[in-house]
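Structure record follows, encoded as structure tokens.
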Amino acid sequence: MNDRGYYGQFGGAYIPEILVATFDELTLAYESAKADPTFWQEFEELMRTYSCRPTPITFAENLTRHFGGAQIYIKREDLNHTGAHKVNNVMGQGLLIKRMGKSRVIAETGAGQHGVATATMAAKFGLECTIYMGEVDVARQRPNVFWMERLGADVVPVTHGSRTLKDAINEAFRDWVTNMDTTHYALGTVCGPHPFPAMVSWLQSIIGKEARAQMLERTNRLPHRVYACVGGGSNAMGIFSGFFEDEVELIGVEAGGRGIDSGAHAARLASKDASLGVAQGYKTFFLQDDDGQMRHTHSVAAGLDYVGVSPILSHLHEQGRVRFESATDREVVDALALTVRKEGLIPALESSHAFVQAFKEAPELSSDDILLINQSGRGDKDIFTVADAFGDPKWEQFIRDKAEQYNA
Ligand SMILES: *Cc1c(COP(=O)(O)O)cnc(C)c1O
């Protein structure tokens, strides 16, 4: 990264003049925290006592036997409080908010997972909290909205544009411009203007630090390949960063949706459909049309359904350091079903993308080879989406009965 937040040709900070001082303040806070070992100690201690860190590594014995090739290990980010890796970033930014002396946090959310994590952090740290969420998402993610409100957050439905994630991001920036003295914007992934990609990667690197040490302790070796799903790219950057200096192959798996050829997907780096652009304050590959209009994306996993991708991952892709693949909705549901049945683990639909690719490669490798999959989150909290994806008729009946109960 250069000093203006570029990774090769990607990244940067395309922000309105009025926010420059706020970004400078944040960059300073981040850099001083990074240079201060007590910050990381405090962060680790917080995560140890609040979010089950270090999360374990599980040997997937039955899946390994099933595929008859490489040994499969799983990093268990699903065991975090609030059910995914997102809390690593959010709690870290919470500590930075304390350092900056701010009293209010805002965030964008699509599926609601980052909103729930941020509202959780705000409750714990005693901060005021506003979450921006597209009106369409508010309607389809009621369980998460319910929890955000119980946690004390003000959930603001965004009623313009496509009324989804990208409109929520724009609205959060608008709020920040007005309230920057008191307010921090806790961006949810390794995207957006500098310093967010660098800062969120650093906070998520707790995953990779642990994973590397755990693999050495457990197997006396490093894994040959590490797999992670890629939405914005934060869980991927988190686990990959533990292995950048090693001879370990890193594989990012994007949402193939209904198939790359269908156009209904969110594969930025694993397809030829994305092009270089500047949006939402940074430069990266976006799924956009020739006029720079963002295209409609699709994935069974709401957390991967995003038009942009981390500028750091775009750079690592260009350099050939990370290989990108995609998994279709159908493959994802099958991999999830198999993992539940064989291991009793319930990966989130997002995480299941990484499982798909590891399952494709495991049979061709030998039992000396070790694969590590990042299980970024747990699927049982997504019962509405997962049950829909499985198309379980008994679940549909249950929903219908519930609705009738309210109509009566
Ligand atoms: C949000 C989410 C993702 C996608 O975000 P990244 O920034 O790409 O990690 C992946 N997995 C789970 C479980 C999520 O909740």
- If you go through segment 362-387, how many residues are of a type outside the set (Ser, Thr, Tyr), assigned to a helix (DSSP H, G or I) and either within 21 Å of the chain's Cα centre (by Cα) or within 16 Å of the ligand (Cβ to nearest atom) (or both)? 6
- Message: I'm trying to understand the selection: among the residues of segment 286-311, which are more than 12 Å from the ligand (Cβ to nearest atom) and in a loop (DSSP other than H, G, I, E, B)?
- Response: Leu287, Asp289, Asp290, Asp291, Gly292, Gln293, Arg295, His296, Thr297, His298, Val300, Val307
- Item | Residue, farthest from Thr109 (Cα to Cα), within segment 71-89, restricted to residues that are of a type in the set (Val, Ile, Thr) and in contact with a strand residue (DSSP E or B) (Cβ under 8 Å, 6 or more places away or on another chain) | Ile72
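Which of the residues belonging to segment 30-69 are among the polar types (S, T, N, Q) and not in a loop (DSSP other than H, G, I, E, B)?
Ser32, Thr38, Gln41, Thr49, Thr58, Asn62, Thr64
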- Task: For Thr130, indicate whether it is within 16 Å of the ligand (Cβ to nearest atom), free of Cβ contacts under 8 Å to residues at least 60 places away in the same chain and not assigned by TED's automatic domain parsing to the domain that holds Cys229.
- Result: no
- Look at Gly252 and say whether it is closer than 29 Å to Thr27 by Cβ and within 11 Å of the ligand (Cβ to nearest atom). yes
- Test set (1) within 16 Å of the ligand (Cβ to nearest atom); (2) not assigned by TED's automatic domain parsing to the domain that holds Ala33 - Thr164 fails condition number: (2)
- Query: Across segment 195-241, which residue is farthest from the ligand (Cβ to nearest atom) among those that are part of a helix (DSSP H, G or I) and hydroxyl-bearing (Ser, Thr, Tyr)?
  - Reply: Thr219
- Query: Does any residue of segment 99-110 turn out to be in contact (Cβ under 8 Å) with a residue 40 or more places away in the chain, touching a Leu at 6+ places or on another chain (Cβ under 7 Å) and surrounded by fewer than 22 Cβ atoms within 10 Å (Cβ to Cβ)?
  - Reply: yes
- Message: Filter segment 82-117 down to the residues that are outside any helix (DSSP H, G or I), more than 9 Å from the ligand (Cβ to nearest atom) and of a type outside the set (Lys, Arg) and list them by number.
- Response: Gly101, Ser103, Val105, Ile106, Ala107, Glu108, Thr109, Gly112
- Quick one: which residue in Phe359, Phe355, Phe390 is away from the ligand (no atom under 16 Å from the Cβ) and crowded, with 20+ Cβ neighbours inside 10 Å? Phe359
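Give the residue that is nearest to Ala255 (Cα to Cα), with candidates limited to residues of segment 344-400 that are among the β-branched types (Val, Ile, Thr) and touching a residue at least 12 places away in the same chain (Cβ under 8 Å).
The residue in question is Val356.
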- Message: Against the conditions (1) in contact with an Asp or Glu (Cβ under 7 Å, 6 or more places away or on another chain); (2) within 16 Å of the ligand (Cβ to nearest atom); (3) part of a strand (DSSP E or B), where does Pro157 fall short? Just the number, please.
- Response: (2)
- Across (1) in contact with a His (Cβ under 9 Å, 6 or more places away or on another chain); (2) at pLDDT below 95; (3) of a type in the set (Gly, Ala, Ser), Ala111 clears everything bar (1)
- Taking segment 70-81 and the residues there that are in a strand (DSSP E or B) and aliphatic (A, V, I, L, M), the one that is farthest from Leu26 (Cα to Cα) would be Ile72
- Message: Here's a check for you: in segment 170-194, which residue that is within 14 Å of the chain's Cα centre (by Cα) and of a type in the set (A, V, I, L, M) is farthest from the ligand (Cβ to nearest atom)?
- Response: Ala186
- Query: Of all the residues that make up segment 237-266, how many are farther than 30 Å from Leu216 by Cα, aliphatic (A, V, I, L, M) and surrounded by 24 or more Cβ atoms within 10 Å (Cβ to Cβ)?
  - Reply: 2
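The values are calculated or read from the model by the stated rules, or taken from the named source; none is laboratory data. Because the structure is a prediction, the values reported are computed rather than measured. Quick reminder, even Gly has a Cβ in these numbers, built from the backbone with ideal geometry, and neighbours come from all protein chains shown.
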